[in-house]
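Input: a single structure, listed below in structure tokens.
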């Protein structure tokens with residue numbers, strides 16, 4: 001049986017760049033030009049017991065649509081099956097004002113969120129701790145290219161192998177839908193046009209003493225990205241985390 005599905009919800013309006021981290025891993029990092037309210041599952045980033053939630057806010061331009069509104073950011077955690085109750089809540093600036101704490105930006109603030117449920121240990125807990133520069137290594141770049149090439153060549157078996165760790169983690173934490181593999185192959189076989197692969201644009205951010213590497217591109221575009229040939233308004237792209245297990249970099253999330 002899968003553990004409870006914890007989700008975060010965010011309310012973020014212009015005038016700040018907001019970054020939220022769970023146990024040292026960034027789960028949100030945006031500058032917005034309009035009000036946004038994203039929500040994502042986060043069980044796979046949580047541990048049983050105490051978890052550290054860190055919020056980093058820095059000044060950003062106000063929106064011309066709301067030029068008189070200052071920065072505002074809210075983050076809360078809920079059980080997906082009980083969304084009437086907030087298990088954790090933090091808001092800028094009200095949570096700081098309530099404790100008579102300074103609200104000047106930039107700021108870094110941490111809170112503790114306790115999970116009483118028994119959660120699985122993540123795959124990266126068994127990973128080796130790696131040192132690598134921001135520009136990455138040949139091995140890291142090869143792991144990104146493996147995903148790119150598997151999708152670009154519509155190689156279902158290779159794609160399944162590349163995504164094996166992520167699929168197994170998703171299944172442990174959330175349970176994969178019965179037709180997930182079929183749907184993934186159908187999506188892969190659509191007429192996607194991939195962004196060219198350029199290893200010199202890749203950057204790798206190091207987290208958890210090198211047990212996790214997050215890949216991104218210097219251009220700001222996702223590390224791997226594609227646009228639909230016939231419907232160019234459709235597309236997908238992803239920056240993602242990798243972990244080194246059994247001597248090999250694997251995609252974690």
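The values are calculated or read from the model by the stated rules, or taken from the named source; none is laboratory data. The structure presented is a predicted model; accordingly, all values stated were derived computationally and were not measured. Here Cβ is always computed from backbone atoms with ideal geometry, including for glycine, and neighbour counts include all displayed protein chains.
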Original post:
Being on the phi > 0 side of the Ramachandran plot and either in contact (Cβ under 8 Å) with a residue 24 or more places away in the chain or crowded, with 16+ Cβ neighbours inside 10 Å (or both), is that true of even one residue in region 194-203?
Top reply: no
Original post:
If you take the residues of region 62-81 that are loosely packed, with under 12 Cβ neighbours inside 10 Å and within 20 Å of residue 38 (Cβ to Cβ), which of them is modelled with the lowest pLDDT?
Top reply: 65
Original post:
So, of the residues in region 232-246 that are out of contact with any helix residue (DSSP H, G or I) (no Cβ under 7 Å at 6 or more places or on another chain) and at pLDDT 95 or above, which turns out to be farthest from residue 148 (Cα to Cα)?
Top reply: 244
Subject >> Enumerated helices (runs of 4 or more DSSP H) restricted to region 155-210, each holding at least 3 residues that are within 18 Å of the chain's Cα centre (by Cα) and either over 19 Å from residue 140 (Cα atoms) or outside the structural domain of residue 224 (by TED's automatic domain parsing) (or both) >> reply: 164-173
Subject >> Among the residues listed as 174, 207, the single one being closer than 24 Å to residue 128 by Cα and touching a residue at least 12 places away in the same chain (Cβ under 8 Å) >> reply: 207
Original post:
So which residues in region 1-31 are part of a loop (DSSP other than H, G, I, E, B), within 17 Å of the chain's Cα centre (by Cα) and either surrounded by 15 or more Cβ atoms within 10 Å (Cβ to Cβ) or at pLDDT below 95 (or both)?
Top reply: 5, 23
Original post:
Which members of region 164-194 meet the condition of being in contact with a strand residue (DSSP E or B) (Cβ under 6 Å, 6 or more places away or on another chain) and under 23 Å from residue 234 (Cβ atoms)?
Top reply: 166, 192, 193, 194
Original post:
How many residues does region 1-21 contain that are without any contact (Cβ under 8 Å) to a residue 40 or more places away in the chain and either in contact with a strand residue (DSSP E or B) (Cβ under 9 Å, 6 or more places away or on another chain) or under 24 Å from residue 71 (Cβ atoms) (or both)?
Top reply: 2
Original post:
Out of (1) buried (at least 17 other Cβ atoms within 10 Å of the Cβ); (2) touching a residue at least 40 places away in the same chain (Cβ under 8 Å), what's the single condition that is false for residue 58?
Top reply: (1)
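This table checks each residue for (1) surrounded by 11 or more Cβ atoms within 10 Å (Cβ to Cβ); (2) outside any loop (DSSP other than H, G, I, E, B); (3) in contact with a helix residue (DSSP H, G or I) (Cβ under 8 Å, 6 or more places away or on another chain).
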| position | (1), (2), (3) |
| --- | --- |
| 105 | yes, no, no |
| 108 | yes, yes, no |
| 112 | no, yes, no |
| 120 | yes, no, yes |
| 124 | yes, yes, yes |
| 130 | yes, no, yes |
Original post:
So, in region 211-231, of the ones that are in a strand (DSSP E or B) and at pLDDT 95 or above, which residue ends up farthest from residue 145 (Cα to Cα)?
Top reply: 212
Subject >> Residues located in region 72-97, provided they are assigned to a helix (DSSP H, G or I) and touching a strand residue (DSSP E or B) at 6+ places or on another chain (Cβ under 9 Å) >> reply: 94, 95, 96
